[in-house]
Amino acid sequence: MVFESTNELWNINVEQLRNNPNMKPRKNPMHNRFVDTSVDVFKKFNMPLEYTDRGAHNYIFRNDDFVIRVSRKKFSLLSNDEFDGNIDDIDDDYISFHIKSQDEVMLSKACKMGISPRVYYYGNILIDDNIHRFCIFESYRTSLFKFIKRNKMLTVIDDIETTHYNNLQEIIDDIVDQMEDLINNIVSQNIVYYDLKPENVVINYDTNKSLDLKIIDWDSDFCIEEEFMKIEEYKECAKFLMMLIITAYMNIYLKNKGFNKRLGELYNEKLLPNIYYLLFDVRTEFMTIILQYFYNSFDMTLRSKDDFDERNEFMKEKAKTNFVRLIEKCIS
Ligand SMILES: Nc1ncnc2c1ncn2[C@@H]1O[C@H](COP(=O)(O)OP(=O)(O)O)[C@@H](O)[C@H]1O
Ligand SMILES: [Mg+2]
């Protein structure tokens with residue numbers, strides 16, 4: 001099959017985008033005739049060929065203006081029906097139209113709400129004779145993870161004459177405020193973002209300007225519009241749990257307690273029965289995240305959500321105790 005680059009790609013005016021980043025994203029239909037060649041895409045956006053980040057599911061290429069995010073899994077140009085017939089659902093090499101379009105719907109929603117960096121383009125790209133799904137984003141300077149880990153906070157207030165902030169505390173307070181605003185926004189759409197870790201938050205910073213935080217990685221496995229979010233009490237729990245998860249990452253992996261005080265303000269023991277309902281009865285993805293990343297630090301040797309048996313009362317009681325210890329650690 002011979003592929004040509006799409007008109008959509010050629011019609012993008014890169015200069016215009018740089019000057020006017022508010023342009024609407026072009027949603028490229030997932031057709032099976034057009035695929036942009038990697039040479040065309042990388043040349044168009046003046047992108048280095050070395051990736052800057054390799055996440056669990058994507059390669060990230062980046063310059064000062066743009067990010068190219070390429071799905072690591074191959075994308076099949078078979079139609080949905082053909083895909084179902086030809087490619088095993090559990091074939092780890094491929095990602096389906098269905099999943100990828102769900103991902104893109106979620107991302108477009110986040111972009112429209114202004115809580116994701118802007119997305120300019122979705123398309124198919126040919127790399128090493130394989131087709132992958134990709135999109136072009138607005139580039140942010142770094143992730144919250146690197147910002148904290150590499151002490152970038154210090155560089156923001158380095159030049160005290162020209163800085164927007166007076167001290168480190170003001171910076172951390174602003175980060176916490178913005179994070180809470182982002183979470184409130186997500187919650188208001190009845191969406192739960194389960195994987196809220198510092199790697200999935202990006203930051204722009206510049207001399208004499210305030211920080212600007214956004215959330216990335218809107219893939220539909222961990223960003224879900226949930227029925228239970230229609231009920232106010234569960235909304236409050238989900239907000240608390242999202243805040244708990246990012247606070248736990250900051251505490252355990254980055255040894256940073258910046259979020260602890262705010263989490264303490266959001267906490268109320270009365271939330272616990274509803275939280276247990278979401279964790280054990282609804283078995284939301286919160287359970288996966290907490291088991292996966294945080295139970296180890298409390299001698300709970302379970303490996304995955306599947307090892308957890310909520311009918312085992314002993315296990316359940318131990319999980320509750322560990323969970324409350326996680327909260328206590330994160331609010332003190
Ligand atoms: N728009 C962006 N601006 C700056 N850095 C980004 C951007 N998008 C992704 N990154 C970097 O790439 C990493 C992985 O991106 P992500 O979209 O989370 O992929 P994955 O799904 O593979 O985790 C992030 O942790 C961040 O450091
Ligand atoms: Mg990620």
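Derivation of every value follows stated rules applied to the coordinates shown; laboratory data play no part. Just so we're clear, the structure is a prediction, and the values are computed from it rather than from any experiment. Reconstructed Cβ throughout: ideal geometry from the backbone, glycine too, with neighbour counts over all protein chains shown.
For T142, the residues whose modelled amide H falls within less than 5 Å of its own, excluding neighbours fewer than 5 places apart on the same chain, are I203.
Here the contact order of the chain, divided by its residue count and restricted to Cα pairs under 8 Å and six or more residues apart, works out to 13 percent.
Here the relative contact order of region 142-331, from alpha carbon pairs under 8 Å that lie six or more residues apart, stands at 19 percent. Computed 3J(HN,Hα) for region 223-239, one whole-Hz value per residue from the Karplus formula 6.51 cos²θ - 1.76 cosθ + 1.60 where θ = phi - 60°, is 10, 9, 7, 10, 4, 5, 6, 6, 9, 3, 4, 6, 4, 4, 5, 5, 4, glycine and proline marked x. Scanning residues 5 or more positions from R26 or on other chains, those with amide H under 5 Å from its amide H are Y121, Y122, with H placed 1.01 Å from N in the peptide plane. Using every pair of separate Cα atoms, the Kirkwood estimate puts the hydrodynamic radius of the chain at 21.6 angstrom. Its Cα gyration tensor gives region 89-240 an equivalent ellipsoid; the semi-axes, largest first and in whole Å, are 31, 22, 12. Computed from Cα positions, the angle between helix 97-112 and the longest principal axis of the chain comes to roughly 70 degrees. Over the C-alpha trace of region 123-209, radius of gyration and Dmax come out as 17.0, 53 angstrom. Extension gain for Q169-K316 works out to 49.0 nm (0.36 nm per residue, less the C-alpha to C-alpha distance).
For region 205-332, the equivalent ellipsoid built from the Cα gyration tensor has semi-axes of 26, 18, 15 Å, listed from largest to smallest.
Taking every lysine pair in region 7-138 that is 8 or more places apart or spans two chains, those with Cα atoms closer than 21 Å amount to 15. If the chain linking S210 and Y293 were pulled fully straight, counting 0.36 nm for each residue of separation and taking away their Cα-Cα distance, it would gain 26.7 nm. For the options N124, N151, N256, a Gaussian network treatment of the chain with springs between C-alpha atoms closer than 10 Å singles out N151 as fluctuating the most. Amide H contacts for R118 (H built 1.01 Å from N in the peptide plane; partners 5 or more residues away or on another chain; cut-off under 5 Å): E138. Backbone phi angles across region 208-221, fed through the Karplus curve with coefficients 6.51, -1.76 and 1.60 (θ = phi - 60°), yield HN-Hα couplings of 6, 10, 7, 5, 9, 9, 9, 10, 10, 6, 8, 5, 6, 5 Hz in residue order; Gly and Pro are listed as x.
A crude spin-label estimate for the pair D93 and D129, with each label 7 Å from Cα along the Cβ direction, gives 1.1 nm. Residue-wise HN-Hα couplings along region 134-149, as the Karplus relation 6.51 cos²θ - 1.76 cosθ + 1.60 with θ = phi - 60° gives them from phi, are 9, 9, 10, 10, 5, 8, 9, 5, 7, 8, 4, 4, 5, 4, 7, 4 Hz; Gly and Pro carry x.
Pairwise Cα distances in region 7-138 exceed 28 Å in 14 percent of cases.
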